[in-house]
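Engineer: Can you read through this structure? Questions will come right after.
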Amino acid sequence: MSNKPRTTTEIEGIRYFTPPAGFVLGGRDGLVAIQWEGKPPIPLLDEDYAALGACGTPDYDMVGRGIYQALRINPECGGAAEYAAVLKDAYPHIISELGGQIIMLEAREVDTPYLDRKINFLKIMALINPDNAGLPLEIARTYVDKGSRLSSMQYAVTCWYAAERQLKTALGLNPGDRHAAYEYGEALYVLGRYEQAAEIWSEVKNLMEPAEQARIESRIAGILAGKVPTVPPLDYLTALSIAVEQHHNGFSGDAAAIIKDVLADRVFAEQFPLNEVYYLLGTCYQEICMMAEAAEAFKRS
């Protein structure tokens with residue numbers, strides 16, 4: 001076995017403990033006995049690390065708290081898969097809490113910070129259940145939600161690329177999921193990979209319900225006829241995020257000009273729901289005393 005030190009990821013509020021040779025994580029009245037040799041250093045809360053003393057080793061609760069907090073903050077940290085396996089084998093109550101948090105977040109409309117929390121919780125569950133195709137699919141949908149909101153559109157680029165990767169993973173686990181395939185095509189479309197999107201949709205269109213099939217055929221026909229946005233939709237989403245920033249900084253005229261440029265692409269404007277955008281445009285016009293234009297924009301919001 002290699003003696004090379006394991007790489008750890010710096011996480012606020014976490015310190016790593018390297019247990020001595022032969023360390024066994026025990027707990028639950030003897031039901032848990034995990035040999036730690038070969039595993040990465042143990043993440044501990046700062047206060048738990050401080051409580052160890054000179055020669056102490058962490059107990060069952062300390063290890064559970066530390067791993068859970070580390071994964072909640074960064075489910076892609078060094079050793080994440082091994083930490084998740086420890087949770088699965090030794091901490092059923094934490095797994096239960098995690099599932100409950102996800103259900104709670106799915107049950108109501110949430111703001112961007114809660115979407116981030118949901119993504120991280122789902123990523124932990126995906127580490128615990130790597131063969132479950134529904135988890136990367138749900139992660140992708142949450143990324144799409146975040147990357148399509150005006151309030152968080154500054155993250156559109158990272159969110160849509162992340163969604164595309166998660167959808168690809170979901171299809172790798174379950175190639176027969178027609179809805180995941182459709183959403184994968186949608187992500188490719190937003191990224192400007194129109195021909196790839198058409199190929200994906202062509203493979204699954206006959207598996208869809210009649211209304212869905214008609215919509216997909218229309219999208220494919222548009223691609224083949226060259227009726228696509230002038231620039232990738234992701235570029236327009238990025239432009240809209242700049243408009244939001246300009247408006248926030250008091251430059252409503254500049255923001256309105258950006259929005260008008262985006263809406264001038266009729267293909268994009270027809271294919272993407274833009275009620276929030278028209279409301280923002282109306283607000284911008286109102287603030288620069290263009291009342292007739294503001295009224296027209298508000299009608300479309």
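Engineer: Six or more apart or on different chains, Cβ under 9 Å: which pairs go from a residue in the stretch 201-213 that's among the basic types (Lys, Arg) to one that's part of a helix (DSSP H, G or I)? Could you list them?
Structural biologist: Lys205/Arg178; Lys205/Tyr182; Lys205/Glu212; Lys205/Gln213; Lys205/Ile216; Lys205/Glu217; Lys205/Ile220
Engineer: What are the residue pairs meeting all of these: first residue in the stretch 70-91, first residue within 15 Å of Gly13 (Cβ to Cβ), second residue outside any helix (DSSP H, G or I) and hydrophobic (A, V, I, L, M, F, W, C), Cβ atoms under 7 Å, and 6 or more apart or on different chains?
Structural biologist: Pairs that qualify, where the first residue is within 15 Å of Gly13 (Cβ to Cβ) and the partner is outside any helix (DSSP H, G or I) and hydrophobic (A, V, I, L, M, F, W, C), are Ala70/Ile11; Ala70/Ile14; Ala70/Cys77; Ile73/Ile11; Asn74/Ile11; Cys77/Ile11.
Engineer: Give the stretch 92-107 a look and list any residue that's free of Cβ contacts under 8 Å to residues at least 24 places away in the same chain and either of a type in the set (Val, Ile, Thr) or farther than 16 Å from Ile67 by Cβ (or both), or say none. It would help to see each step written out before you state the result.
Structural biologist: Start the filter on the stretch 92-107 by keeping residues that are free of Cβ contacts under 8 Å to residues at least 24 places away in the same chain, which leaves 92-93, 96-97, 100-107.
Listed by number, the residues that qualify are Gly100, Ile102, Ile103, Met104, Leu105, Glu106, Ala107.
Engineer: Can I ask one more? Looking at Gly66, Gly79 in this structure, which one is crowded, with 18+ Cβ neighbours inside 10 Å and closer than 24 Å to Ala162 by Cβ? Write out each step before concluding.
Structural biologist: Numbers: Gly66 fails: closer than 24 Å to Ala162 by Cβ.
That would be Gly79, the only listed residue that is crowded, with 18+ Cβ neighbours inside 10 Å and closer than 24 Å to Ala162 by Cβ.
Engineer: Which one of the conditions (1) modelled with pLDDT under 95; (2) outside the structural domain of Arg193 (by TED's automatic domain parsing) does Ala264 fail to meet, given that it meets all the rest?
Structural biologist: Checking Ala264 against (1) modelled with pLDDT under 95; (2) outside the structural domain of Arg193 (by TED's automatic domain parsing), the one that fails is (1).
Engineer: Kindly indicate whether Leu31 is hydrophobic (A, V, I, L, M, F, W, C) and farther than 14 Å from Leu127 by Cβ. Break it down stepwise before answering.
Structural biologist: Values: hydrophobic (A, V, I, L, M, F, W, C): yes; farther than 14 Å from Leu127 by Cβ: yes.
Criteria met by Leu31.
Engineer: Out of Ile11, Ile34, Ile67, which single residue is in a loop (DSSP other than H, G, I, E, B) and modelled with pLDDT of 95 or more?
Structural biologist: Numbers: Ile34 fails: in a loop (DSSP other than H, G, I, E, B); Ile67 fails: in a loop (DSSP other than H, G, I, E, B).
Only one candidate qualifies: Ile11.
Engineer: Residue pairs, Cβ under 7 Å, 6 or more apart or interchain, first in the stretch 276-301 and within 17 Å of Asn249 (Cβ to Cβ), second small (Gly, Ala, Ser) and surrounded by fewer than 17 Cβ atoms within 10 Å (Cβ to Cβ). List them.
Structural biologist: Ile288/Gly253
Engineer: Checking the conditions here, which among Glu183, Glu199, Glu209, Glu195 is modelled with pLDDT under 95 and charged (D, E, K, R)? Break it down into steps so the answer makes sense when it comes.
Structural biologist: Numbers: Glu183 fails: modelled with pLDDT under 95; Glu199 fails: modelled with pLDDT under 95; Glu195 fails: modelled with pLDDT under 95.
The match here is Glu209.
Engineer: Within the stretch 138-157, count every residue that is surrounded by 23 or more Cβ atoms within 10 Å (Cβ to Cβ) and touching an Asp or Glu at 6+ places or on another chain (Cβ under 7 Å).
Structural biologist: The number of residues fulfilling the criteria is 1.
Engineer: Where residues in the stretch 158-175 are over 16 Å from the mean Cα position of the chain (by Cα) and within 18 Å of Lys123 (Cα to Cα), which of them is surrounded by the most Cβ atoms within 10 Å (Cβ to Cβ)?
Structural biologist: Per the criteria, the residue is Leu171.
Engineer: So which residues in the stretch 176-213 are crowded, with 19+ Cβ neighbours inside 10 Å, of a type in the set (A, V, I, L, M, F, W, C) and outside any helix (DSSP H, G or I)?
Structural biologist: Leu191
Engineer: So which pairs qualify, if the first residue must be in the stretch 126-140 and in contact (Cβ under 8 Å) with a residue 40 or more places away in the chain and farther than 11 Å from Thr169 by Cβ, the second must be buried (at least 20 other Cβ atoms within 10 Å of the Cβ) and of a type outside the set (A, V, I, L, M, F, W, C), the Cβ gap must be under 7 Å, and the two must be at least 6 apart or on different chains?
Structural biologist: Leu127/Pro75
Engineer: Give the stretch 232-241 a look and list any residue that's more than 19 Å from the chain's Cα centre (by Cα) and closer than 12 Å to Leu280 by Cβ, or say none.
Structural biologist: Leu240
Engineer: Before we move on, is Leu122 in the same structural domain as Val190 (by TED's automatic domain parsing), of a type in the set (A, V, I, L, M, F, W, C) and within 17 Å of the chain's Cα centre (by Cα)? Please lay out each step first, then the result.
Structural biologist: Working: in the same structural domain as Val190 (by TED's automatic domain parsing): no; of a type in the set (A, V, I, L, M, F, W, C): yes; within 17 Å of the chain's Cα centre (by Cα): yes.
Judged against the criteria, Leu122 is not a match.
Engineer: I'd like the residue in the stretch 243-287 that is of a type in the set (Gly, Ala, Ser) and surrounded by fewer than 19 Cβ atoms within 10 Å (Cβ to Cβ) and, out of all such residues, is nearest to the chain's Cα centre (by Cα).
Structural biologist: To start, the set of residues in the stretch 243-287 that are of a type in the set (Gly, Ala, Ser) comprises 243, 250, 252-253, 255-257, 264, 269, 282.
Now restrict to residues that are surrounded by fewer than 19 Cβ atoms within 10 Å (Cβ to Cβ): 250, 253, 257, 264, 269.
On the way: Gly250: 30, Gly253: 33, Ala257: 30, Ala264: 30, Ala269: 25 Å.
Step by step, filter the stretch 243-287, then rank; the result is Ala269.
The values are calculated or read from the model by the stated rules, or taken from the named source; none is laboratory data. Since we're looking at a predicted model, the values are computed, not measured. Every residue, glycine as well, gets a Cβ built from its backbone with ideal geometry; the counts of neighbours run over all protein chains shown.
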